[in-house]
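See structure below.
The values are calculated or read from the model by the stated rules, or taken from the named source; none is laboratory data. Worth saying up front: this structure is predicted, and the values here are computed from it rather than measured. Cβ sites come from the backbone with ideal geometry, for glycine too, and all protein chains shown count toward neighbours. Note: accessible area is taken over every heavy atom of the protein model, side chains too, but ligands, DNA and RNA are not part of it. Shrake-Rupley method; radii C 1.70, N 1.55, O 1.52, S 1.80 Å.
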2 protein chains.
Amino acid sequence: MTAVASAAQHASAREARASYRSGVVAPTSGVAHGLVQANLIAVPEDWAFDMLLFAQRNPKPCPVLEVVEAGSFEPRLAPGADLRTDIPAYRVWRDGELAEEVADATAAWAEQPLVAFLIGCSFTFEAGLADAGIPIRHQELGRNVPMYRTNRDCAPAGRLSGELVVSMRPIPADRVADAVTISGRFPAVHGAPVHVGEPAALGIDLDHPDFGDAPEVRDGEVPVFWACGVTPQAAIMASRPPFAITHAPGHMMLLDVPDAAYAA
Amino acid sequence: MTAVASAAQHASAREARASYRSGVVAPTSGVAHGLVQANLIAVPEDWAFDMLLFAQRNPKPCPVLEVVEAGSFEPRLAPGADLRTDIPAYRVWRDGELAEEVADATAAWAEQPLVAFLIGCSFTFEAGLADAGIPIRHQELGRNVPMYRTNRDCAPAGRLSGELVVSMRPIPADRVADAVTISGRFPAVHGAPVHVGEPAALGIDLDHPDFGDAPEVRDGEVPVFWACGVTPQAAIMASRPPFAITHAPGHMMLLDVPDAAYAA
């Protein structure tokens, strides 16, 4: 990684994290433009190998950017940040059920040692799409990106299994190829789409996302689906580890690394 | 991975594995041309997370192709093969010391459940170099590739740490750029070189490799260094897990996957 973020970019990420730490809850799509955002999944130590192996076997939905070992809360990719407070919204899971959604995970994280995984997020390549003049509908509408559980199984790993989750962006038909090419340059943040058009083939009802907000697909646009870092949350629901903490979908951990660091 | 191996390639890999299973011991560079070869590192279950995390943090020397969980010995990437017998030579490690080198690891593997990691090998891109007319000196001489422990530390993970190990190929000065470009197309099998020329800067004495055979660098050639999948063996020596089984350097696990499957 040779690319370096600008001072202004660092400041925008730090300011956003500070606002989330102080209680602001909002989706992060478009925030700190040009810096990488990450999904969070934190599991008990005796589930950490299964989680890392699940990610290794499912690199498209689960590209691991960093593993923060139990006892530490400060990512190398965001020095000075605190994983327990600097994400706008968290989900606490007990036995595979969503137990609560909180703006501060300090109390939940104190229950037991957790290994935290930061996983690449498609918001990273949205900057590239926007820079190429491709509209990002959910940003235009001030909504969260729609995400769907699909009928495709991930490769299981130990006790973890579950369906692939995808995010969807409606893309004008004459820009689909560009969207594929641009996102394909970022294999560490989900890369090229897994599916273009034909939502029914993925078992998806477009109007009813499982996470995020409903989409608005206009005439001349094609729904394009990217592997999504919420996939580990589907694995939690399916596999029922005793405890886990994740980000709330669309509410990501902002890192200090520029998107360009992950361009292939 | 969409590339598919030919029937002749499959047959050559299967025949070679059968010969190793029956006791033949020989380096595998150049064997089953066009198919992927892999390093092996198998560790006790309670070291598996550290090993997988070490690989995740050091992807250049330790690109994980497959993890075979305890109790299984058949890689998905080589159906019908047996990890305990189908590698030409194994090393058995006790408390970080090389205890023995064997042609059959069945007895050693029976001592306790082990998780096996198959890690990409630079022999994979040698086919690409040879196809481009770049000479592979150790193949010409019928020797094992020279490998060196360097003065560069890997990123530690849990209880595992150690130096980066590199393999070296002498490349004609006018083909170094081609060698960089060709190997750079294979990030899952170490990718582009980590160092070109100036072995002393890596703390290396060219004539005295730590693994494999001494090289022959001719006038007009530059020593080129690639990250090497023997790096986990250096980590074993430095970190002293109670038990491990690896391949013997240069004596790899032949898989049924074509090199092209790992071209970026």
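Considering (1) surrounded by fewer than 19 Cβ atoms within 10 Å (Cβ to Cβ); (2) out of contact with any Gly (no Cβ under 9 Å at 6 or more places or on another chain), the lone condition that A:Ala263 does not fulfil carries the number (2).
Taken together, the residues in region B:62-96 that are free of Cβ contacts under 8 Å to residues at least 60 places away in the same chain, closer than 18 Å to B:Val43 by Cβ and either within 14 Å of another protein chain (Cβ to nearest Cβ) or over 18 Å from the mean Cα position of the chain (by Cα) (or both) amount to 9.
So, B:Pro193, is that one farther than 21 Å from B:Leu98 by Cβ and in contact with a strand residue (DSSP E or B) (Cβ under 8 Å, 6 or more places away or on another chain) or not? Considered against the rule, which asks whether it is farther than 21 Å from B:Leu98 by Cβ and in contact with a strand residue (DSSP E or B) (Cβ under 8 Å, 6 or more places away or on another chain), B:Pro193 comes out as yes. Annotation: of all residues in region A:143-153 being touching a Ser or Thr at 6+ places or on another chain (Cβ under 8 Å) and open to solvent by 10 Å² or more (accessible area, probe 1.4 Å), the one that is nearest to the other protein chains (Cβ to nearest Cβ) is A:Asp153. Does region A:15-61 hold any residues that are more than 14 Å from every other protein chain (Cβ to nearest Cβ) and of a type in the set (Gly, Ala, Ser), and which are they? The answer is A:Ala16, A:Ala18, A:Ser19, A:Ser22, A:Gly23, A:Ala26, A:Ser29, A:Gly30, A:Ala32, A:Gly34, A:Ala38, A:Ala42.
With respect to A:Ser12, is the statement that it is more than 16 Å from the chain's Cα centre (by Cα), at pLDDT below 95, assigned by TED's automatic domain parsing to the domain that holds A:His251 and not acidic (Asp, Glu) true? When the stated conditions are applied, A:Ser12 passes them.
Anything in region A:19-61 that is free of Cβ contacts under 8 Å to residues at least 24 places away in the same chain and either buried (at least 24 other Cβ atoms within 10 Å of the Cβ) or over 29 Å from A:Thr150 (Cα atoms) (or both)? List them, or say none. Across region A:19-61, the qualifying residues are A:Ser19, A:Ser22. Out of A:Ala127, A:Ala132, A:Ala105, one residue alone is of a type in the set (A, V, I, L, M) and in the same structural domain as A:Ala13 (by TED's automatic domain parsing). It is A:Ala105.
Is it the case that A:Asp207 is modelled with pLDDT of 95 or more, open to solvent by 50 Å² or more (accessible area, probe 1.4 Å) and more than 20 Å from A:Asn39 (Cβ to Cβ)? Taking the combined requirement at face value, the residue satisfies it. What do you reckon, is A:Asp178 open to solvent by 70 Å² or more (accessible area, probe 1.4 Å), touching a residue at least 12 places away in the same chain (Cβ under 8 Å) and among the acidic types (Asp, Glu)? Answer is no for this residue. Of all the numbered requirements in (1) open to solvent by less than 40 Å² (accessible area, probe 1.4 Å); (2) modelled with pLDDT of 90 or more; (3) touching a Phe, Trp or Tyr at 6+ places or on another chain (Cβ under 8 Å), A:Thr124 misses one, and that requirement is (2).
For A:Arg169, the criteria (1) open to solvent by less than 50 Å² (accessible area, probe 1.4 Å); (2) modelled with pLDDT under 95; (3) of a type in the set (D, E, K, R) hold in every case but one, which is (2).
Quick check on A:Thr85: is it within 27 Å of A:Leu35 (Cα to Cα), surrounded by fewer than 17 Cβ atoms within 10 Å (Cβ to Cβ), touching a Ser or Thr at 6+ places or on another chain (Cβ under 9 Å) and in the same structural domain as A:Met253 (by TED's automatic domain parsing)? For A:Thr85, the condition - within 27 Å of A:Leu35 (Cα to Cα), surrounded by fewer than 17 Cβ atoms within 10 Å (Cβ to Cβ), touching a Ser or Thr at 6+ places or on another chain (Cβ under 9 Å) and in the same structural domain as A:Met253 (by TED's automatic domain parsing) - is not met.
Let's see how each residue does on (1) in contact with a Pro (Cβ under 8 Å, 6 or more places away or on another chain); (2) farther than 23 Å from B:Ala42 by Cα:
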{"position": "B:Gly220", "(1), (2)": "yes, yes"}
{"position": "B:Ser239", "(1), (2)": "no, no"}
{"position": "B:Ala248", "(1), (2)": "yes, no"}
{"position": "B:His251", "(1), (2)": "yes, no"}
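Could you check region B:86-105 and list, in sequence order, the residues that are in contact with a Lys or Arg (Cβ under 7 Å, 6 or more places away or on another chain) and part of a strand (DSSP E or B)? The answer is B:Leu98, B:Glu101.
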